[in-house]
Amino acid sequence: MKIVFCLLLLILGFWGKRFFEEIKPQPELNAYLPLGKRFEQQLIRGVLGGWRPVVADIAWLRVTTSWENRQWNRLYENVRIATRTQPESLLFWDMGAWHLAWNASLAERNNRLEARIEVRKEKELYWAEKGKNLLEEGTIYHPTHFKLWLQLGLLHQERRHDYVSAYECFLKSSQFNGAPSYVARMAGYALEKQGDPAAVLNYWEKLLEKSPDRPDRGLIEKRLLKLKKETTLDPLKPIP
Amino acid sequence: MSALYLRLSTLTGLTVRDLLRQNVLYLILIPAALTLLTLPLFTALTFEEQIKFMRDFCYGTMSIFGLFLAIIATAQSLSNDLEQKTIFTILAKPLNRWEYLVSKGMGIGLILFFALTILTVLSAGLFAYQEKSLLEAAIGNATHPLSSQELQRFSDQLWSPALLMAVLILYLKLILMVGFTLLFSTVASSSLFTIFTSLMIYLIGHLQSTAREWVMGSEGLSVGMKWVVGLLSVILPDMSFYEGAERILLGATPGLSYLIPPLGYTFFNLLWILGLSTWIFESREFR
Amino acid sequence: MNSSLSLQIRNVQARYSLAWNRKAMVALDDFSLDLKAGEIFALLGPNGSGKTTLFKLILGFLKPKQGSILIQGEKAGTRKARAQVGYLPENPYFPKYLTGREILETYGGLSGLSRGVLKDRLEPILELTQMSSFAEKPLHTYSKGMIQRVSLGQALIHDPQLLLFDEPTTGLDPQGVDLMKEAMKKLRSLGKTILFTSHLLEQVETVADRIAILYQGKKLVEGSMNELLKENDAATIQVKGLSEEQLSGVKGALYDFGASAVEVTPRSGSLENLFRRYTK
Ligand SMILES: Nc1ncnc2c1ncn2[C@@H]1O[C@H](COP(=O)(O)OP(=O)(O)OP(=O)(O)O)[C@@H](O)[C@H]1O
Ligand SMILES: [Mg+2]
């Protein structure tokens, strides 16, 4: 009698457990990751338990002190620890890349202690690349968040003067939820830098067509007008 | 029915009194509180970082010490009854053995609730203290004056009611661990074994859903091996059900329906655990 | 099956198997016993003869390898069976921080008694066990005798028919022993059945209706006190006020009557009586 009751509980319990496992929403944070990376993440979760974010945060506090002390290698190491232990925190990727590609990179460029300009230039580029790589890895963990794509676009544009990549990143960013309206405009400006007026005009017009009630409609229309004037003044180019 | 209620409530009360008298509770609760009190020592650069750190730190403290409390208190509670032989007078009375297990679980559940409440209140106090001192510092800072909007946003993020949901999800996770620890105690004779096994289960619980996907998806494995893994995954807990708490810490503000998966998952797990542990406990001899 | 019996044990065997050691130790072998309502039965036996083991079987802590045990017709170990059994353990296995009254209340609660019923039960039990004077103090401040009285009280709290007392008088002073004996007689008069163990023979004599002697897990003898202790052709003669010479004369006269062995010893009060007189 009792055994039957126990068995009933067992079966009901397993059934309900299965049921919930089936309807469980895919974990948002890890859904895009390859299995190996996901396993690594879960292992860190299990071992560090509730302290996992705290470990990441403490590494992050060290990032801040490294920045104040201009210890760029230490800063980089701690950014890596923070992003490894808690990659789902956007902050670490976002700010980490900013520290690398701007703070470290610019500090090396303006480093008075280094006399040779080429060495300074090399180091400046080195940290900009590190920042770029970090952001690119971040987009693996957060492929649908506008912010990292936006940052990556800015980085390409400002630090690497790579307007093609910048345009692509801004465009991607503008398509995701929550992206402010200026992101789409930044894509347009980056496109303008590539020197293909036809493509630019096409881009702005498509943008207005797709979302006619944008808050920045006025701005875009003004821009279009100005661009059209410039292109008509150029006799070598046909009007699209 | 009411006799059942009386038996359950009496033994639950006895379990709570027992735990309140034992050192385990204070050996865990006091270090947890002391850890929390170090919070003001950490200052970050931006408000965003500061808020993240405060949330993570308080939640992390609760989750680690809560886990230890859940596992150690449960393991001790049963093994103490065996060692001090009070089980011989308790189970001599007309109560079912499943009632004994359920009461133990409920007693520890109450103690955990009490512990988490204390830590939550303490965290809230620290939040208030930090808020006050940070805002004072920010207002005094002439070079970077903060707009009242920014200040408001800071306060709103700090006091997000969703954080209570995160604590609730943590509580459910700990209750599941109480269930597993009780299950192991019904077979074990030493509490050390129970504690170790439960910690292992906690770790494996985090890995199992990914591991299962991995094994099931890979080509080279034999059908038998896949059966074994499938069977194991029926028994092992899937801790990813409780990841919602971490998402709340990162700023998510979900509705109450967010609690349904962890709630349902915990409930049904407790059902089968109760079935199995009663089965084992019924056939166990006490000598 | 006879459900009018308070306890019916049929050919029970109990074994302890030691961990890692496959050799099992037989603690009770082919043991049978019937107890009727309203009798006091004493189980005598040296240390390690299997008395406590028998109690563990009746309470369902151990499961018999062979045979069966019924309490008021219910299978031993079930909840219904345990509702009919009160257990006074050989050592005080209680939470030591509870007071005597709390022990009674807690164990009443564990038996499913409501506050109201408990209140009615508590008074007669406090009176029977005479623990009112220390009922509000925690158990760890108690002497052996006090603990034993609380132990008795909690065994009675759910008003069971069958009472199992495991060495109820061991370690008690004569007054304590008296209290225990009086309580047992009172319970018998209420129709309760008592099975108790002891290895102190003189304490058994005055209360038990029937006894059995257990040795190395086997029952050696069983019977009523009168049957077992009566030696039909032996008698004790007590005299007072005779001189040595007169006594030897009486001795001679007894031989003349045909007695085969005559022993005349001056009477001395038992040590127990002496102790009683001084500790009254
Ligand atoms: N938990 C146990 N594990 C193994 N053997 C045991 C256990 N308890 C008792 N025994 C053995 O069973 C036998 C009977 O023990 P039991 O406790 O029933 O004796 P007892 O008659 O109550 O003795 P005492 O008068 O000392 O209380 C003993 O030989 C003892 O060694
Ligand atoms: Mg004994």
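The values are calculated or read from the model by the stated rules, or taken from the named source; none is laboratory data. What you are looking at is a predicted structure, and each value in this text was computed from that prediction instead of being measured. Glycine gets a Cβ as well: all are built from the backbone with ideal geometry, and neighbour counts include every protein chain shown. The accessibility values were calculated without ligands, DNA or RNA, using every heavy atom of the protein model including side chains. Shrake-Rupley method; radii C 1.70, N 1.55, O 1.52, S 1.80 Å.
All other residues with a Cβ under 14 Å from the Cβ of C:G38 taken together, and with Lys, Arg as +1 and Asp, Glu as -1, what is their net charge?
+3
Show B:R55, A:R223, B:R153 ordered by accessible area, largest first, where the area counts protein heavy atoms only and the probe is 1.4 Å.
Correct descending sequence by accessible area is B:R153, A:R223, B:R55.
Across peptide B:267-280, what mean number of C-beta atoms from other chains lies inside 10 Å of a residue's C-beta?
That works out to 6 on average.
What does the helix-only formula give at 222 nm for chain C: each DSSP H stretch with n ≥ 4 adding -39500 (n - 2.57), the total divided by the residues, and the result rounded to the nearest 500 deg cm²/dmol?
-10500 deg cm²/dmol
Using label points projected 7 Å from each Cα along Cα→Cβ, tell me how many nm separate B:L231 and B:F42, to one decimal.
The modelled label-to-label distance comes out at 4.4 nm.
Can you give me the angle between helix B:162-187 and the longest principal axis of chain B, using Cα atoms only, in degrees from 0 to 90, rounded to the nearest 10?
20
Per residue, how many Å² of accessible area does segment A:44-153 show with a 1.4 Å probe?
44
For B:R287 and A:W15, what does the FRET efficiency come to when R0 = 30 Å and r is the distance between their Cβ atoms, rounded to the nearest 0.05?
0.25
What is the angle, in °, between the Cα long axis of helix B:148-158 and the longest principal axis of the Cα atoms in chain B? Nearest 10 is fine, range 0 to 90.
Once rounded, one gets 10 degrees.
In what sequence, largest accessible area first, do C:K51, A:K226 appear using a 1.4 Å probe?
These residues rank, largest area first, as A:K226, C:K51.
Students often get this wrong, so check it: of A:K37/A:K206; B:K85/C:K51; C:K96/C:K218; A:K37/A:K172, which have C-alpha atoms separated by over 27 Å?
With Cα atoms farther than 27 Å apart: A:K37/A:K206; C:K96/C:K218.
Report the antiparallel proportion of the DSSP beta bridges in the protein assembly as shown as a percent, rounded to a multiple of 5.
Among the beta bridges of the protein assembly as shown, antiparallel pairing accounts for roughly 60 percent.
Could you sort B:30-38, C:68-76, A:54-62 so that the peptide with the highest average Cβ count within 10 Å comes first and the rest follow in order?
A:54-62, C:68-76, B:30-38
What does the average come to when, for each residue of peptide B:93-103, you count the partner chain Cβ atoms lying within 10 Å of its Cβ?
Average per residue, whole number: 5.
What aspartates and glutamates could a cross-link reach from C:K251, if we take a straight Cα to Cα line under 19 Å and drop same-chain neighbours fewer than 8 places away?
C:D233, C:E263
Taking the Cα atoms of the protein assembly as shown alone, what are Rg (to one decimal) and Dmax (as a whole number) in Å?
Using the Cα atoms of the protein assembly as shown, the pair Rg, Dmax is 40.4, 165 Å.
Can you list the aspartates and glutamates whose alpha carbon sits under 17 Å from that of C:K144, skipping same-chain ones fewer than 8 residues off?
Within the straight-line cut-off, C:K144 pairs with C:E90, C:E136, C:D166, C:E167, C:D173, C:D178.
Near B:K52, which aspartates and glutamates are there with a Cα under 17 Å away, not counting those fewer than 8 places off in the same chain?
A:D57, A:E88, A:D94, B:E131, B:E150, B:D156, B:E243, B:E246
Among the chymotrypsin sites (Phe, Trp or Tyr not before Pro) in segment C:78-112, which ones are in a DSSP loop with at most 16 other Cβ atoms within 10 Å of the Cβ? Mind listing them?
C:Y97
If the only charges are +1 at each Lys and Arg Cβ and -1 at each Asp and Glu Cβ, what is the size of the charge dipole of chain C around the Cα centre, to the nearest 20 debye?
Charge dipole, chain C, about its Cα centre: 1300 debye, nearest 20.
Which shape class, rounded, prolate or oblate, goes with chain A when its Cα gyration tensor gives a ≥ b ≥ c as root eigenvalues, a/c under 1.5 marks rounded, and past that a/b bigger than b/c marks prolate?
Oblate, since a/c reaches 1.5 and b/c is not below a/b.
At 27 Å minimum axial length over the Cα atoms and a Kyte-Doolittle cut of -0.5, report the qualifying DSSP H helices in chain A, or say none.
A:2-23
Once label points are set 7 Å from the Cα along Cα→Cβ at both A:E122 and C:A261, what is their separation, rounded to one decimal in nm?
Between A:E122 and C:A261, the simple spin-label model gives 11.8 nm.
Set the bar at 21 Å for Cα to Cα. Now go through B:K104/B:K173; B:K93/C:K23; C:K23/C:K75 and name every pair that lies beyond it.
B:K93/C:K23; C:K23/C:K75
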